[in-house]
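Undergrad: Got a structure for you, written out below as structure tokens; questions coming shortly.
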DNA sequence: TCGGTTTTGGAAGATATTGATTGAATCTGG
DNA sequence: CCAGATTCAATCAATATCTTCCAAAACCGA
């Protein structure tokens, strides 16, 4: 059996069973465990499934930055790891700009105990800190972009023009060697102001964003200082970033 | 059975039974108690359940951090009536400024179906509309005042200076014949801008606010066009307002 | 067919997970 | 409040899985 057929069979099986076992797959598809392992890694890199120890599991599709589910304890593992790793870079006394989007929201969840100043355009992030006495939170103005709960428009852009922060914690809909992109012109406009307002730009991306183009160009890679990603990210993509003198941290 | 599958099974079981027993889980999932213990600890760390001695229990969903506003039970029935009566004054196509505070939050809850533009400095109000396609919501900027979840400071005041609305729906900490007052200078400063930005000012007050003074003076009665209150409000207070040519609506 | 590339299977060492064991902490019925 | 029972956290050895590497096999274009 050839690789493309194995891929198809694996994905078919995932439709029936939520969890797949490596040993079982190797037997059913009459291939070695090494081969199946490689297959699963490739499919995981494409986002068709999620790797687990000793197998794979089905992935919920809407991995998009635009689809916001606050209470998602099931699939949120990688993003949570990215959130934790990113939060570790933030020290007491810093002022931090936090972008809207699901990945950056996970960063906010891990910033709870720190004594910092947060500047954001994201409602979910702001809610996260709304009761905290440790974190002083500033929101920009703007109109609410539904679903993600992010503030956009001239009021938002203007707010960030007036502020300065130590770091900006950003996300994106896609990243390639040409730069980062996002799905919406208004979002991109605010993101540009955010990055311009910060001394250091940290970009949080899960592996599904690599090699993807979204509609609007947000920034070239030169603007990015650090990228935090998960361990399913292809190596060549990481190498590409490092060649651009970007610090890459793989959350595990 | 691999770890992620156990996680899923445990969470599914939690949907059916409120409490789970360690020994039973170990038997049903065919894993040792050590393993199950570790699983439960991890799930508890993610917030998916709560650990108990000898097992685990389901965790109650807290939908919103701003419980002071959202889960407020003081005079909840009266506030709800006031909210309904106030919302009835708002017509499609209007632009509406909504103040922070528990009473005005009840107004927002009744504005759901209308095609309007909302301008607010309140996080709970903004959350209310953040998924609505009917209501276009604009937030001012500012820093978050904890607990109430309201945006204050120069950024907030500036935002309202630039906007105009048909009505402002306001609340207050106290009202007397001298005017309305509130507990905080920063809140009052924003409220003044809000009222200045609107053609008509509607004030929502439950009966406990009448005859009370709070720290900061917000506005004289001349600035108010309409007061919505509940039926427990003393007659003389209502008469006093009417004498100032203020329209008074008693919600019932 | 030939030479080069890709895919595959397997082995060795590194990592991660599991189950059992221990003394300590916690609970429960009197 | 105590004593016995249960449950816990910490640790360790055993097992399972992963990563990395290499050589053999399969594939492919000329």
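Only the coordinates and a few stated rules stand behind these numbers; no lab work does. These numbers come from a predicted model, not from an experiment. Here Cβ is always computed from backbone atoms with ideal geometry, including for glycine, and neighbour counts include all displayed protein chains.
Undergrad: Give me the percent of DSSP beta bridges within chain A that run antiparallel, rounded to the nearest 5.
TA: In chain A, DSSP labels about 40 percent of beta bridges as antiparallel.
Undergrad: I've got another one for you. I'd like the projected area of the protein assembly as shown, averaged over all directions, using the convex hull of its alpha carbons. Report it in nm² with one decimal.
TA: Projected over every direction and averaged, the Cα hull of the protein assembly as shown covers 26.4 nm².
Undergrad: So, one more: If you take every DSSP beta bridge whose two residues both sit in the protein assembly as shown, what share of them, in percent to the nearest 5, is antiparallel?
TA: If we restrict to bridges inside the protein assembly as shown, about 40 percent are antiparallel.
Undergrad: Fully extended, how many nm does the chain gain between residue A:131 and residue A:213 (0.36 nm per residue separation, minus their Cα-Cα distance)? Let's see the in-between values first.
TA: Values: separation 82, 0.36 × 82 = 29.52 nm, distance 3.74 nm.
The residue A:131-residue A:213 span can extend by a further 25.8 nm.
Undergrad: What do you get for Rg/Rh of the stretch B:35-167 when both radii come from the Cα atoms and Rh is the Kirkwood radius?
TA: Answer for the stretch B:35-167: 1.14.
Undergrad: Equivalent-ellipsoid semi-axes (√(5λ), Cα gyration tensor) for the stretch A:77-251, whole Å, largest first?
TA: Numbers: eigenvalues 107, 69, 40 Å².
Square roots of five times the eigenvalues give 23, 19, 14 Å.
Undergrad: What average count of beta carbons from other chains do you get within 10 Å of the Cβ of residues in A:18-27? Walk me through the numbers on the way to the answer.
TA: Numbers: counts 3, 7, 2, 3, 1, 0, 0, 0, 0, 0.
Across the residues of A:18-27, the mean count of other-chain Cβ atoms within 10 Å is 2.
Undergrad: Still on this structure: In whole percent, what relative contact order does chain A give with Cα contacts below 8 Å and a gap of six or more residues?
TA: 15
Undergrad: Going by C-beta contacts inside 10 Å, put B:53, A:213 in order with the fewest on the left.
TA: With the sparsest Cβ surroundings first, the list reads B:53, A:213.
Undergrad: Here is a further query. Please determine, in degrees from 0 to 90 and to the nearest 10, the orientation of helix B:76-87 with respect to the longest principal axis defined by the Cα atoms of chain B, where the helix direction is its Cα long axis.
TA: Compared with the principal axis, the helix lies near 60 degrees.
Undergrad: Another one. As a check on your grasp of the helix formula, calculate [θ] at 222 nm for the protein assembly as shown: sum -39500 (n - 2.57) over DSSP H runs of n ≥ 4, divide by the residue count, round to the nearest 500.
TA: Helix-only estimate at 222 nm: -10500 deg cm²/dmol.
Undergrad: For the stretch A:1-42 and the stretch B:186-216, compute the distance between their C-alpha centroids and round to whole Å.
TA: 65
Undergrad: To continue, here is another question. Can you sort B:78, B:178 from fewest to most other Cβ atoms within 10 Å of each residue's own Cβ? Please list the in-between numbers first.
TA: On the way: B:78 21, B:178 10.
Exposure proxy ranking, most exposed first: B:178, B:78.
Undergrad: Counting just the Cα atoms, what span does the stretch B:88-145 cover along each of its three principal axes? Round to the nearest Å and put the largest first.
TA: Per principal axis, max minus min of the Cα coordinates gives 31, 20, 17 Å.
Undergrad: Per residue of A:129-138, how many C-beta atoms from partner chains lie within 10 Å of its own C-beta, taken as a mean?
TA: So the per-residue partner count for this stretch is 5.
Undergrad: So what are the three principal axis dimensions of the stretch B:1-83 from its Cα atoms, in whole Å, longest to shortest?
TA: Computed over the Cα atoms, the extents are 57, 20, 19 Å.
Undergrad: Describe numerically, in nm with one decimal, the distance between label points set 7 Å from Cα along Cα→Cβ at residue B:244 and at residue B:192.
TA: In this crude label model, residue B:244 to residue B:192 measures out at 1.7 nm.
Undergrad: Return the whole-Å distance between the Cα centroid of the stretch B:74-117 and the Cα centroid of the stretch B:143-161.
TA: 20
Undergrad: I've got another one for you. Determine the shielding of peptide A:45-56 by partner chains: average, over its residues, the number of Cβ atoms on other chains within 10 angstrom of each Cβ.
TA: Details: counts 0, 0, 0, 0, 0, 1, 1, 5, 3, 5, 4, 2.
So the per-residue partner count for this stretch is 2.
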